[in-house]
Amino acid sequence: MRLLVLGDSLSFFGPSGPLPADHPRLWHNICAETLGGSAELAAGFGWTARDAWWALTGDPRIWSLLPRTDVLVFAVGSMDTLPSPLPTYLREGLRYVRPDWLRRWVRARYQFVQPRLAPYTRASLPPALTARYLRDMLESVRNLQYTMPAVGIVPSVHRAATYAYAHQGHAAAVAAVRGWAAGADVPLLDLPAVIGEHVRSGAGNPDGMHWGWEGHELVGNAMAALISSVALSPSEE
């Protein structure tokens, strides 16, 4: 069973920070091992469904993996729900500010105002766009005549002080993702149900957003069970 996972930092952050994609305790590798297979991860910091769409359509490495993929996992949508005081193009553009001292100054000011403005701002990506990019990704894969099963996730939850614990965009995003999945016949792993207690209890990463090892194990096992219910291994087809 070969998995191709389009994810975000929830896929490669452990209890104390980011890790290589092949770390055996990350959820997608736990999932793949449980299924007796392997996983390839395409992910980045703060990736939304839009970033995954850009990767799928613009990264030749992903193109080379698709013919060998047995299950496609859309593990994006969680970062879409986070409140953002700045439009994405401005927030992402901070890294390009020069000279260095000015970039550090601007970033420090943004980090100061973010938790103060988060309760009053919209989600990083509107729910309708999250659903649209998920739809477009699946349709583009199908248009290339790839018929492997696809699964997705219900956006995760957080208790991050950096966002003032605000998550006002979550419910609308969940509804949009569920609507897309129902129409596309894509099974979803309910991340809030699987990981919610782990995150809210403070058992995960101290940032209040990413997961500890127990959380990765919970998600990896739950995703393996979901995939087992909808996909046969190549030897069984």
Index of the failed condition, residue 147 passing every other in (1) open to solvent by less than 60 Å² (accessible area, probe 1.4 Å); (2) without any contact (Cβ under 8 Å) to a residue 40 or more places away in the chain; (3) under 28 Å from residue 68 (Cβ atoms): (1)
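Can you name the residue in the stretch 81-101 that is open to solvent by less than 50 Å² (accessible area, probe 1.4 Å) and out of contact with any strand residue (DSSP E or B) (no Cβ under 6 Å at 6 or more places or on another chain) and, of all such residues, is farthest from residue 177 (Cα to Cα)? Walk me through it before giving the result.
Going through the stretch 81-101, the residues open to solvent by less than 50 Å² (accessible area, probe 1.4 Å) turn out to be 81-85, 88, 93-94, 97.
If we keep only those that are out of contact with any strand residue (DSSP E or B) (no Cβ under 6 Å at 6 or more places or on another chain) as well, we get 82-85, 88, 93-94, 97.
Numbers: 82: 15, 83: 17, 84: 20, 85: 23, 88: 20, 93: 28, 94: 29, 97: 34 Å.
Once the filter is applied, the top-ranked residue is 97.
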Anything in the stretch 19-40 that is among the hydrophobic types (A, V, I, L, M, F, W, C) and buried (at least 21 other Cβ atoms within 10 Å of the Cβ)? List them, or say none. 26, 27, 30, 31, 32, 35, 39
Please state which of the following conditions residue 1 fails to meet, knowing it meets all the rest: (1) more than 28 Å from residue 117 (Cα to Cα); (2) open to solvent by 20 Å² or more (accessible area, probe 1.4 Å); (3) out of contact with any Ser or Thr (no Cβ under 7 Å at 6 or more places or on another chain). (3)
Within the stretch 105-123, track down each residue that is among the aliphatic types (A, V, I, L, M) and more than 22 Å from the chain's Cα centre (by Cα). 106, 108, 113, 117
Select from the stretch 194-208 the residues that are assigned to a helix (DSSP H, G or I) and either open to solvent by less than 10 Å² (accessible area, probe 1.4 Å) or free of Cβ contacts under 8 Å to residues at least 24 places away in the same chain (or both) and list them in ascending order. 195, 196, 197, 198, 199
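Would you check which residues across the stretch 1-38 are small (Gly, Ala, Ser) and under 25 Å from residue 160 (Cβ atoms) and list them? It would help to see each step written out before you state the result.
Just the residues of the stretch 1-38 that are small (Gly, Ala, Ser), to begin with: 7, 9, 11, 14, 16-17, 21, 32, 36-38.
Within the stretch 1-38, 7, 9, 11, 14, 16, 17, 21 qualify.
Does residue 16 fit the bill of being in the same structural domain as residue 158 (by the TED database) and either over 27 Å from residue 207 (Cα atoms) or surrounded by fewer than 20 Cβ atoms within 10 Å (Cβ to Cβ) (or both)?
Numbers: in the same structural domain as residue 158 (by the TED database): yes; either over 27 Å from residue 207 (Cα atoms) or surrounded by fewer than 20 Cβ atoms within 10 Å (Cβ to Cβ) (or both): yes.
So residue 16 fits the description; yes.
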Of 175, 171, 164, which residue is open to solvent by 10 Å² or more (accessible area, probe 1.4 Å) and on the phi > 0 side of the Ramachandran plot? 164
Is the stretch 213-234 home to any residue that is in contact with a Pro (Cβ under 7 Å, 6 or more places away or on another chain), in the same structural domain as residue 76 (by the TED database), part of a loop (DSSP other than H, G, I, E, B) and over 26 Å from residue 131 (Cβ atoms)? no
Going through the stretch 10-42 in order, the residues found to be small (Gly, Ala, Ser) and touching a strand residue (DSSP E or B) at 6+ places or on another chain (Cβ under 7 Å) are 11, 21, 32, 37, 38, 39, 42
Of the residues in the stretch 33-49, how many are in contact with a Leu (Cβ under 6 Å, 6 or more places away or on another chain) and in contact (Cβ under 8 Å) with a residue 60 or more places away in the chain? 2
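The values are calculated or read from the model by the stated rules, or taken from the named source; none is laboratory data. Remember, predicted model here, so these are calculated numbers, not experimental data. A quick note on method: Cβ atoms are made from the backbone with ideal geometry, for glycine too, and the neighbour counts reach across all protein chains shown. SASA here: full protein model, heavy atoms, side chains in, ligands and nucleic acids out. Shrake-Rupley method; radii C 1.70, N 1.55, O 1.52, S 1.80 Å.
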